[in-house]
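Colleague: Before anything else, here's the structure in question.
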């Protein structure tokens with residue numbers, strides 16, 4: 001090894017995890033950590049037998065003690081290292097998301113080998129989230145490299161907005177804050193074009209970094225099957241699925257959400273695309289609304305709820321919630337109807353979600369005919385060695 005980073009010692013159990021491809025080292029797998037190591041610095045992970053396992057940023061406050069950047073003992077982690085990683089991630093988007101390169105996720109943390117970093121692009125603004133203490137220390141360099149890589153490709157980026165208001169930062173010992181990097185004075189709203197549909201995005205107050213980019217391709221699947229159909233979009237939020245149904249010439253589109261603010265934004269998006277007369281926006285609790293509907297009232301029902309669980313401790317409660325809402329939709333659709341259902345919680349794992357769907361169909365006395373099974377959009381890639389990068393499950397069925 002040519003470098004001299006401080007060393008921390010890993011347990012045998014932790015060694016197994018890292019050998020299987022995991023890029024996080026957990027605190028309970030640490031045998032020995034020198035307390036004099038500076039928080040956020042680079043460290044080498046070693047086994048009790050002296051075997052090298054990886055290098056990454058240490059976070060003394062987090063349960064994730066080290067977010068590994070490299071498992072190559074001779075790799076120098078410097079400015080050039082991070083530029084190559086950013087360039088690699090950007091080239092991936094240019095290959096798979098060229099039509100949406102101005103509104104896509106450019107960096108997806110661990111899946112892009114840049115753990116603790118999220119970067120979304122909305123036209124000429126980048127929106128970032130940093131959830132790693134070590135990356136926060138060097139974020140100025142990271143931001144400069146992002147601009148450098150994009151500018152070298154002729155992309156005009158005017159500013160970077162930090163949405164560092166995520167709770168996970170508190171676990172890292174970092175402050176929660178948001179605002180433009182280096183005090184740029186730029187608008188915090190913009191209009192993006194997603195596969196032909198114009199959408200208002202509020203990077204300051206919108207969900208996540210301003211908008212849910214991970215359902216782009218899935219929304220188009222609804223668009224292609226909506227022609228002449230009566231469509232109900234549950235948990236519609238700002239209308240992503242409902243707008244695609246209307247754009248796809250659905251006969252009728254109803255968007256239901258409990259938030260009037262979200263519905264107002266959905267209506268503004270509809271006006272932007274001259275679809276407001278083809279859609280109806282309904283403020284109601286989705287569970288209550290479905291109870292008021294009649295069998296056969298809709299040909300397609302979309303269930304895109306917020307995460308019913310954000311931890312493993314509440315899986316059973318979430319399971320029951322997903323089952324309840326799916327059974328309501330299945331019974332309303334009847335034979336020939338189409339159910340579009342998904343979960344955005346990584347803790348509601350695929351096997352468990354499919355078990356819930358099978359039970360919902362069986363107890364409703366119907367059969368599910370699979371039309372399509374997908375996951376998150378290409379710009380949210382999945383690293384097969386890290387299940388944490390896989391979270392969205394998206395299913396389309398016909399009821400028979």
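The values are calculated or read from the model by the stated rules, or taken from the named source; none is laboratory data. Predicted model only: the values in this text are computed from it and were never measured. All Cβ positions, even for glycine, are placed from backbone atoms using ideal geometry, and neighbour counts span all protein chains on display.
Colleague: Just for the range 113-143: of the residues that are touching a residue at least 60 places away in the same chain (Cβ under 8 Å), crowded, with 24+ Cβ neighbours inside 10 Å and within 15 Å of the chain's Cα centre (by Cα), which one is farthest from residue 184 (Cα to Cα)?
Modeller: Ranking the candidates gives 120 first.
Colleague: Among the numbered criteria (1) surrounded by fewer than 20 Cβ atoms within 10 Å (Cβ to Cβ); (2) within 30 Å of residue 365 (Cα to Cα), which one does residue 259 miss?
Modeller: Exception for residue 259: condition (2).
Colleague: Among the listed residues 153, 78, 74, identify the single one that is under 24 Å from residue 195 (Cα atoms) and either out of contact with any helix residue (DSSP H, G or I) (no Cβ under 7 Å at 6 or more places or on another chain) or assigned by TED's automatic domain parsing to the domain that holds residue 383 (or both).
Modeller: 153
Colleague: Same structure again: Any chance the range 309-319 includes a residue that's closer than 18 Å to residue 361 by Cα and in a helix (DSSP H, G or I)?
Modeller: Looking through the range 309-319, at least one residue is closer than 18 Å to residue 361 by Cα and in a helix (DSSP H, G or I).
Colleague: Identify the residue in the range 285-312 that is more than 22 Å from the chain's Cα centre (by Cα) and loosely packed, with under 15 Cβ neighbours inside 10 Å and, among all such residues, is nearest to residue 249 (Cα to Cα).
Modeller: Taking the candidates together, the pick is 296.
Colleague: A further question on this structure: Using the structure shown, decide if residue 105 is more than 23 Å from residue 30 (Cβ to Cβ), in contact with a strand residue (DSSP E or B) (Cβ under 7 Å, 6 or more places away or on another chain) and modelled with pLDDT of 95 or more.
Modeller: yes
Colleague: In the range 8-26, what residues are closer than 12 Å to residue 66 by Cβ and in a helix (DSSP H, G or I)?
Modeller: The answer is 14, 17, 18.
Colleague: Do we have any residue at all in the range 388-398 that's part of a helix (DSSP H, G or I) and closer than 29 Å to residue 90 by Cα?
Modeller: So far as the range 388-398 goes, yes, one or more of its residues are part of a helix (DSSP H, G or I) and closer than 29 Å to residue 90 by Cα.
Colleague: Continuing with the same structure: If I filter the range 313-347 down to residues being under 19 Å from residue 372 (Cβ atoms) and within 24 Å of the chain's Cα centre (by Cα), which single residue comes out as surrounded by the fewest Cβ atoms within 10 Å (Cβ to Cβ)?
Modeller: Filtering the range 313-347 for residues that are under 19 Å from residue 372 (Cβ atoms) and within 24 Å of the chain's Cα centre (by Cα), the one surrounded by the fewest Cβ atoms within 10 Å (Cβ to Cβ) comes out as 344.
Colleague: Within the range 79-102, identify whether any single residue is surrounded by 22 or more Cβ atoms within 10 Å (Cβ to Cβ), in a loop (DSSP other than H, G, I, E, B), in contact with a strand residue (DSSP E or B) (Cβ under 6 Å, 6 or more places away or on another chain) and modelled with pLDDT of 95 or more, and answer yes or no.
Modeller: No, the range 79-102 contains no residue that is surrounded by 22 or more Cβ atoms within 10 Å (Cβ to Cβ), in a loop (DSSP other than H, G, I, E, B), in contact with a strand residue (DSSP E or B) (Cβ under 6 Å, 6 or more places away or on another chain) and modelled with pLDDT of 95 or more.
Colleague: Tell me yes or no: at least one residue of the range 327-340 is over 18 Å from residue 287 (Cβ atoms) and touching a helix residue (DSSP H, G or I) at 6+ places or on another chain (Cβ under 9 Å).
Modeller: yes
Colleague: For residues in the range 156-169 being in contact with a helix residue (DSSP H, G or I) (Cβ under 9 Å, 6 or more places away or on another chain) and surrounded by fewer than 17 Cβ atoms within 10 Å (Cβ to Cβ), which is nearest to residue 115 (Cα to Cα)?
Modeller: 157
Colleague: Same structure again: Please give the number of the condition residue 356 fails out of (1) part of a helix (DSSP H, G or I); (2) touching a strand residue (DSSP E or B) at 6+ places or on another chain (Cβ under 7 Å).
Modeller: (2)
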